[in-house]
1. Treat the count of other C-beta atoms within 10 Å as a stand-in for reagent exposure and order B:312, B:351 from fewest to most.
2. Hey, what angle do you get for helix B:434-458 against the long axis of chain B, alpha-carbon based, 0 to 90 degrees rounded to 10?
3. Past the 49 angstrom mark, what percentage of all C-alpha to C-alpha distances in the protein assembly as shown do you count?
4. Output the Cα-based Rg and Dmax of the range B:420-485 in Å, rounding Rg to one decimal and Dmax to a whole number.
5. So for A:22, B:73, fewest C-beta neighbours within 10 Å to most, what's the order?
6. Set the Förster radius R0 to 30 Å, insert the Cβ-Cβ distance between residue A:142 and residue B:3 as r into 1/(1 + (r/R0)^6), and round the FRET efficiency to 0.05.
7. Quickly work out the residue B:54-to-residue A:129 label distance, labels modelled 7 Å from Cα along the C-beta direction, and quote it in nm with one decimal.
8. Which three extents, in whole angstrom, do the alpha-carbon atoms of the range B:263-331 cover along their principal axes, largest first?
């Protein structure tokens with residue numbers, strides 16, 4: 001996606017989120033509890049308007065307002081390491097409360113390393129063991145931090 | 001209570017066996033990560049903000065400020081050795097530091113940067129130490145309307161300093177909106193999307209971890225190493241120590257640069273990068289031989305390093321006195337105060353002045369320890385840049401998850417971190433300033449509180465506000481800071 005188009009979509013999404021929040025806040029009973037949101041929203045609307053105008057003009061001048069063909073974009077996204085990493089982080093977050101922090105994190109560390117190009121059993125496993133052991137001693141043993149425990153550890 | 005009373009109280013607080021250990025640990029982590037280009041101390045402080053919740057408040061703040069100090073210095077190591085500044089504040093260090101490396105004088109340059117950093121830090125905190133009490137008494141006279149103006153000034157001055165006012169103010173306003181999510185002063189919920197975990201607002205630590213640390217990781221994985229290429233020059237500790245000693249040949253530059261650093265550090269949003277640039281430019285202007293700058297002039301390294309570390313004293317003073325951050329790092333320090341139940345600004349001055357003095361006093365031993373840690377281990381810190389991202393990224397990712405779980409242990413905090421990571425990554429890719437958003441997000445709650453109080457006090461009698469001199473001065477400053485980028489661009493256009 002072109003940068004100009006990306007900026008325009010970003011600005012619209014930011015404004016839509018702010019609008020939803022503003023609409024929710026103006027229903028509050030006291031005027032003084034919605035004043036900050038109202039002022040910030042209307043000022044934001046003004047600045048988003050100016051910025052959108054600038055970006056659309058910039059995009060039109062440079063002829064840079066094209067959507068990428070989705071048939072090419074989707075396979076490219078599937079091969080993208082960042083997309084793979086984000087997908088594995090989402091799976092990691094879902095599994096943490098089920099299995100427990102330490103085992104999930106160890107598996108996740110190995111998975112992340114593999115996605116980023118580390119190959120070989122020892123090179124994948126040993127750093128994971130070292131880092132998780134370090135986290136256990138510092139955060140659980142010394143700082144008594146409560147990390148999620150599932151049916152394992 | 002007078003200064004001596006606070007001094008005694010602060011010394012009493014600092015008299016604990018574990019304080020030097022936290023200082024050493026913080027410095028080592030700060031230098032280590034500060035030397036990583038694109039990572040800097042922001043990542044280190046963000047990652048350790050969560051675990052610091054479990055430390056006693058003074059130890060936590062000292063630990064985080066030591067990381068800050070270490071990272072500002074650490075950024076200069078790679079600037080000298082490879083002309084790749086670890087942090088933007090070290091850009092000017094490389095102007096003369098790298099030519100010195102090319103001339104085989106890298107140990108001297110490293111020694112100069114170590115000693116200049118320690119002296120800059122020491123002098124700026126020394127001045128802050130004496131000015132803090134009178135400035136604190138002045139700040140106590142500020143009411144909600146003045147505090148609101150101060151907060152708005154902090155937000156608008158980002159635009160003034162960075163010159164791009166629209167994107168900065170836009171992201172700052174969006175940050176304010178996001179920062180007000182949660183319950184209102186009357187206990188009604190605002191924008192919590194049915195999640196009661198957001199009743200007290202979006203938790204600071206997961207949000208900051210996402211937008212600052214995780215978004216940086218997404219960019220970092222695009223390359224196999226933190227940096228590629230470069231040479232590894234031979235290190236000699238004795239030459240480094242000789243370089244440290246030679247800093248005293250440039251006393252005038254050291255004192256001038258410390259003052260420049262302090263004054264610029266006091267200004268919201270200016271920060272260490274601008275301090276080092278102004279100081280470097282000034283050193284060049286007053287030099288008898290300005291042509292030598294950029295060709296390995298030792299004064300250039302001294303001016304840049306003294307000022308960027310000197311700015312820290314000013315930035316921390318502004319942060320503690322007014323509760324407004326001068327940079328993302330000081331914004332993180334505000335978050336650290338908040339998670340320990342303290343609110344920087346007039347409240348801190350009124351309720352915890354002894355604590356504030358303990359933080360200031362702790363910076364003197366940190367400056368001394370910086371000399372030893374940096375001189376002994378500079379060689380090892382310089383090697384960090386050769387760490388492959390395939391190990392660094394998964395490790396930091398796991399630490400970020402631990403950090404986001406640290407305060408409440410709720411899985412939703414990890415989800416919040418991920419959402420903010422995506423938002424931060426998109427902002428970085430589209431060149432929208434993250435600093436504006438972070439300042440707005442952290443100050444959003446404060447804006448809401450001060451605006452509410454001002455409305456309740458002056459809602460029916462707005463002209464009464466203009467009878468308050470401090471309010472009028474701050475309002476004028478805000479108008480100037482909003483109008484300045486447009487006016488300066490117009491003036492520059494007319495000159496052409």
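Read the figures in this text as sums done on the coordinates, not as results from a lab. Bear in mind that the values here come from a model prediction, so they are computed numbers and not experimental data. Every residue, glycine among them, receives a Cβ derived from its backbone with ideal geometry; neighbour counts consider all protein chains shown.
1. Neighbour counts put them in this order, fewest first: B:351, B:312.
2. The angle comes out near 30 degrees.
3. The answer is 10 percent, as a whole percent.
4. For the range B:420-485, the Cα-based Rg and Dmax read 16.6, 46 Å.
5. Result, fewest neighbours first: A:22, B:73.
6. The formula returns an efficiency of 0.25 here.
7. 2.4
8. Projected onto its principal axes, the Cα set of the range B:263-331 covers 42, 17, 14 Å.
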